[in-house]
Amino acid sequence: MAQVLNIRVDGADGLVGTDVPFHIYGDPDRGPTVSLMAGVHGCEYTSMLGLRRFLAGLDETALRGSLRVVPMANISAFHARAAFVVPNDGLNLNRCFPGDPNGSFSERLAHALFETVIRHADYHIDLHAGDQVEDLEPFTIYDASNVEEQSRAMAFAYGLGYVVRDSHSASPIAGTSSAAAAAAGIASITAEVGGRGLVDEISVRLHEEGIKRVLSMLGVLPGTFPPVPDPVELDHWVWLRSTDAGWWTSHVSVGDQVLAGTVVGTVSALDGSAVEEIIAPESGVPLFLTTSPAVAKDGLLLGLGVQ
């Protein structure tokens, strides 16, 4: 029977704190411990439901090890329908790990999650999707680290079409839960399926099955699965941004093969008087892109995965 506990996160500067439920399944003396987390971003629904479906069907007696699970890490963002950020302080939780116990609310939340859940695991899986204004091609990320061979094996086992190796020196992102875990010697991945604030069954099933595939590969749960093609391995990211605020029009879709020098879209002034062409600096595949026409100055438009 799972233990259901709460992680208490105190608010900074007199702000109200919160409790984040987390669950413990199985016995760590019988095998590895795996941490599973969803809802770091509050509108990435397929990842949350995929984890819920997995837990609903879990036979705890079959576990050869233990699971430390946070079904929804960013509860205030879920209730506020806040894309990307924590409403308490406007920070992106997945840029705050491993956190700071004396920092802002998001930094405190990241610290509490890391120290209570992830720190005690041998392996870590963070489930994500495209947020409300993001289309997305399914992919898995692992980080360059001393445990990257194990992390890469987990990324392959999840069964998605693309795998990205994220190198700290070239990465446009930092402070993710999987990067912080890898830096602490915990093999880890971030799995991304679904997007646009939608709940589609295919994406939910891919997350649910991906969890099972990884746990089977690690020997934590039994299971056999239909083979899937090896993913396309991508070496690094190129994130394309607008120069000024305006109206974004994409000329490509996620999963397209884009050549260097291709105009992937435009950002125009709201009256159409000025147009900035957005050009791919390298050949690659758009793994996510902003679907909203409204973009801010230096707004993120798309993420190009490059071989």
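Some notes on this structure:
A quick yes/no check of all residues on (1) polar (S, T, N, Q); (2) closer than 14 Å to I125 by Cβ:
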residue	(1), (2)
G17	no, no
T33	yes, yes
M37	no, yes
Y45	no, no
R81	no, no
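- Those strands (runs of 3 or more DSSP E) lying entirely in the range 1-81 with at least 2 residues in contact with an Asp or Glu (Cβ under 8 Å, 6 or more places away or on another chain) and not hydroxyl-bearing (S, T, Y): 3-9, 33-37
- The set of residues in the range 231-260 being out of contact with any Pro (no Cβ under 8 Å at 6 or more places or on another chain), surrounded by fewer than 18 Cβ atoms within 10 Å (Cβ to Cβ) and farther than 20 Å from L160 by Cα consists of R241, T243, D244, A245, H251, L259.
- Test: residue in the range 253-265 that is on the phi > 0 side of the Ramachandran plot, within 20 Å of the chain's Cα centre (by Cα) and modelled with pLDDT of 95 or more: yes
- Number of residues in the range 34-65 that are crowded, with 24+ Cβ neighbours inside 10 Å, polar (S, T, N, Q) and over 13 Å from the mean Cα position of the chain (by Cα): the value is 1.
- Lone qualifier among L206, L215, L234 - being touching a Leu at 6+ places or on another chain (Cβ under 6 Å), of a type outside the set (F, W, Y) and touching a residue at least 60 places away in the same chain (Cβ under 8 Å): L215
Condition check ((1) of a type in the set (A, V, I, L, M, F, W, C); (2) under 23 Å from V193 (Cβ atoms)) across all residues:
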residue	(1), (2)
L5	yes, no
P28	no, no
G50	no, yes
T61	no, no
G90	no, no
R108	no, no
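- Residue pairs whose Cβ atoms lie under 7 Å apart, sitting 6 or more positions apart in sequence or on different chains, and linking a residue in the range 119-142 that is outside the structural domain of V214 (by TED's automatic domain parsing) and free of Cβ contacts under 8 Å to residues at least 40 places away in the same chain to a partner that is of a type outside the set (D, E, K, R) and surrounded by fewer than 24 Cβ atoms within 10 Å (Cβ to Cβ), do not occur here.
- Only residues that are outside any helix (DSSP H, G or I) and crowded, with 19+ Cβ neighbours inside 10 Å were counted across the range 105-126, and they come to 6.
- Applying the condition of being in contact with a Leu (Cβ under 9 Å, 6 or more places away or on another chain) and among the charged types (D, E, K, R) to the range 127-148 and asking which residue is surrounded by the most Cβ atoms within 10 Å (Cβ to Cβ) yields E134.
- When A129, A83 are screened for being modelled with pLDDT under 95 and among the small types (G, A, S), only A83 passes.
- Applying the criterion of being small (G, A, S), part of a loop (DSSP other than H, G, I, E, B) and touching a strand residue (DSSP E or B) at 6+ places or on another chain (Cβ under 7 Å) to the residues of the range 222-252, the residue that is farthest from A157 (Cα to Cα) is A245.
The values are calculated or read from the model by the stated rules, or taken from the named source; none is laboratory data. Everything numeric in this text was worked out from a predicted model, so none of it was measured. Every residue, glycine as well, gets a Cβ built from its backbone with ideal geometry; the counts of neighbours run over all protein chains shown.
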